[in-house]
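Below: one structure, written as structure tokens.
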Amino acid sequence: MALAVSANHIAFNIVFTPPIGEPGGNVPIACEFWGIWVSLDPGITLQVDPPQPTLTAISTPAGIWDNGATVPFTITGQWLAPGGTLTISGSDVTVQSFTVQGGPNSLITGTLAFDDTAPQTTYTITYTTVGQYSPGILLSAGLLTAFQPRRIAHAPQITVTAVQFTNSYALAKDNGQINPPPLVSSTVWQSSCSSCTNQAAFYQGQTIQATITVTLSTASAYDLTNVRLEGSMGSLGTLSGNNVIPAGTTSAFFTVTSDTALPIGTQLYNPLNINWSVGLFAANNLPCAQITCTSAGNSASPVYVTMALPPNTNIPLPLTTLFLAVGAGGAPTKTQAFLNTWGKFTNAGTGPANVLTWDNRQLFYYKPNVPYNNNCALNSNYLLNVYNGNGQCGAFASLLLDALQANGIAAVTAGVASLNGDRFLVNSWLFAGNDSAYAPYISPLVLETETTGGIGMVPLPVGSLFGQMVSQTGSPGQNSPTPAEKVFSSHYIVKLTDTMVTGVGGPYFDPSYGLTYLNECDPAQGFEHKALAGYARSILSIESPPSFHARTTSSGSCSMSFSQ
């Protein structure tokens, strides 16, 4: 109330707003002047009208949605009291839910459900409320007309046709004959090519990202905005992303990201099944749980999870290395991951497991009848990609190291040699002859001069007779019951150095033979005791390679040394 005073009269300017829902009528007025209340003439009253509740606008997010969709809406208005009723014309559209924020700037938010047969037409929305302070008095909330949602009768069918994992680390498809091997495509699945399924690899705790290709059954006449694509991976979470599909197009790409990090430990999902869903109306990136989504098909591809990122991401990881690192998966610790990998090379530490590649090719340690320096790989790259899986000890040592490093397990290569430069003979041999003048090297041993110019055991002579010594079945190698070579001046094994891997034996592991060693000379678990039959040297005064004299190992004396 404003007050103006002159010599002869007092003028009042009164603004009065009744509560929402209070009916109008005559209101008596009393005023206070300098602490004294004065009632005006009872005949003087004010006519007070309550503000009229009105609806001013309705909005739905821009876009197109199919019949059967659930669509959010927002209504703005004035002086809308909570507790009213919201109705919409037509039996094919219903108000699912709504909330009211009252006051001079009122707001109604909720969702509408369109039946499958709902036509594209104009709808009328009415909000009716009861007087807040005078129960039973109905107030008009006004009519909101010309509400014509932009819809299409039937949306095109949207189907996922290709899946490309964009943050899988690079893989190579080793095949024994091509170096460098062909890369594994990051497009892991295509609906049009069942034989094009490819492997993908991630590390524990990583979040999967992908680019998805979708195809429309027919081009839309309108831009399809806020299209939602989701791929359910079960316990691994959901891949999701939004995009616009322009009018007139029949394919589109979506960038999707998982909402859940991959679990800790090695895993093999063979395959990882993804159930895809698409929604044509997803304002504010609403998930399928809050909008109407339909099936967009399924995809499936093998996915490996290692415990670490490969040490050199510039070099694609061979599938065989990945296969040896992960196996069947399910290793929650480094110790279990080591045992799973080592189990691909060993039969409980007593001999070889006859290791295989990712596609079940055999890997041979000195394949029978193959010369020492011919088609015999020195490292894992040549073992997997050049020499059809035939390798020396260094190749198998590097293969085991590569698989361990894929899980972040620390290990090093250990060189093996005799202390005095003798060559050493791997089990088993029959020692014959008695040149006592050269004791203890009393058994003449004559090796072959191989076609490559090296000295070895190929071709195998009649009766496996080398001088006066006979090569016998002894320590088998990987996929070689009796390796082609058994006389060496050096050997390579792996020493486990990771302090987080415990209780696995060793610490020396020999992937060529599938054996474990405590050290060089332990009488029960040493290299000499478990792997060797004896030693050989050339007696310089009478012979030179390939002629030698040999001796057996002897208890109480050890002639071996490890470099690590």
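Here is a check on your reading of the model: is residue 292 in the same structural domain as residue 236 (by TED's automatic domain parsing) and assigned to a loop (DSSP other than H, G, I, E, B)? Working first, answer last.
Numbers: in the same structural domain as residue 236 (by TED's automatic domain parsing): yes; assigned to a loop (DSSP other than H, G, I, E, B): yes.
Here the answer is yes, as residue 292 does meet what is asked.
List pairs: first in segment 371-396 and among the β-branched types (Val, Ile, Thr), second assigned to a loop (DSSP other than H, G, I, E, B), Cβ under 9 Å, 6+ apart or cross-chain?
Filtered contacts from segment 371-396: 386/176; 386/177; 386/178; 386/179; 386/375.
Given the conditions (1) at pLDDT 75 or above; (2) touching a strand residue (DSSP E or B) at 6+ places or on another chain (Cβ under 6 Å), which single one is not true for residue 91?
That leaves (2) as the condition not met.
Under 6 Å between Cβ atoms, which residue pairs at least 6 apart in sequence (or on different chains) link something in segment 404-432 that is within 30 Å of residue 204 (Cβ to Cβ) with a partner that is in a helix (DSSP H, G or I) and hydrophobic (A, V, I, L, M, F, W, C)?
Once the first residue is within 30 Å of residue 204 (Cβ to Cβ) and sits in segment 404-432, its partners that are in a helix (DSSP H, G or I) and hydrophobic (A, V, I, L, M, F, W, C) give 406/325; 407/325; 407/337; 409/338; 411/401; 411/404; 413/397.
Would you pick out the residues in segment 463-510 that are of a type outside the set (A, V, I, L, M, F, W, C), within 19 Å of residue 383 (Cα to Cα) and not in a loop (DSSP other than H, G, I, E, B)?
Hits for segment 463-510 are 477, 480, 491, 492, 510.
Suppose we keep only residues that are of a type in the set (A, V, I, L, M, F, W, C) and surrounded by fewer than 16 Cβ atoms within 10 Å (Cβ to Cβ) within segment 202-256. Which one would you say is farthest from residue 271 (Cα to Cα)?
Initial filter on segment 202-256 (of a type in the set (A, V, I, L, M, F, W, C)): 202, 208, 210, 212, 214, 216, 219, 221, 224, 227, 229, 233, 236, 239, 244-245, 247, 252-254, 256.
Now narrow it down to the ones that are surrounded by fewer than 16 Cβ atoms within 10 Å (Cβ to Cβ): 219, 221, 244, 247, 253.
Details: 219: 32, 221: 38, 244: 30, 247: 35, 253: 23 Å.
So the residue we want is 221.
Give 258, 192, 232, 240 a once-over and let me know the one that is without any contact (Cβ under 8 Å) to a residue 60 or more places away in the chain and under 22 Å from residue 308 (Cβ atoms). Steps first, please.
Numbers: 192 fails: under 22 Å from residue 308 (Cβ atoms); 232 fails: under 22 Å from residue 308 (Cβ atoms); 240 fails: under 22 Å from residue 308 (Cβ atoms).
Criteria check complete, one pass: 258.
Which of (1) closer than 24 Å to residue 388 by Cα; (2) in contact with an Asp or Glu (Cβ under 9 Å, 6 or more places away or on another chain); (3) among the small types (Gly, Ala, Ser) is the odd one out, the single condition residue 512 does not satisfy?
With respect to (1) closer than 24 Å to residue 388 by Cα; (2) in contact with an Asp or Glu (Cβ under 9 Å, 6 or more places away or on another chain); (3) among the small types (Gly, Ala, Ser), residue 512 is out only on (2).
All but one of (1) closer than 20 Å to residue 468 by Cβ; (2) within 34 Å of the chain's Cα centre (by Cα) hold for residue 537; which doesn't?
Residue 537 satisfies every listed condition except (2).
The values are calculated or read from the model by the stated rules, or taken from the named source; none is laboratory data. This is a predicted model, so every value here is computed, not measured. Here Cβ is always computed from backbone atoms with ideal geometry, including for glycine, and neighbour counts include all displayed protein chains.
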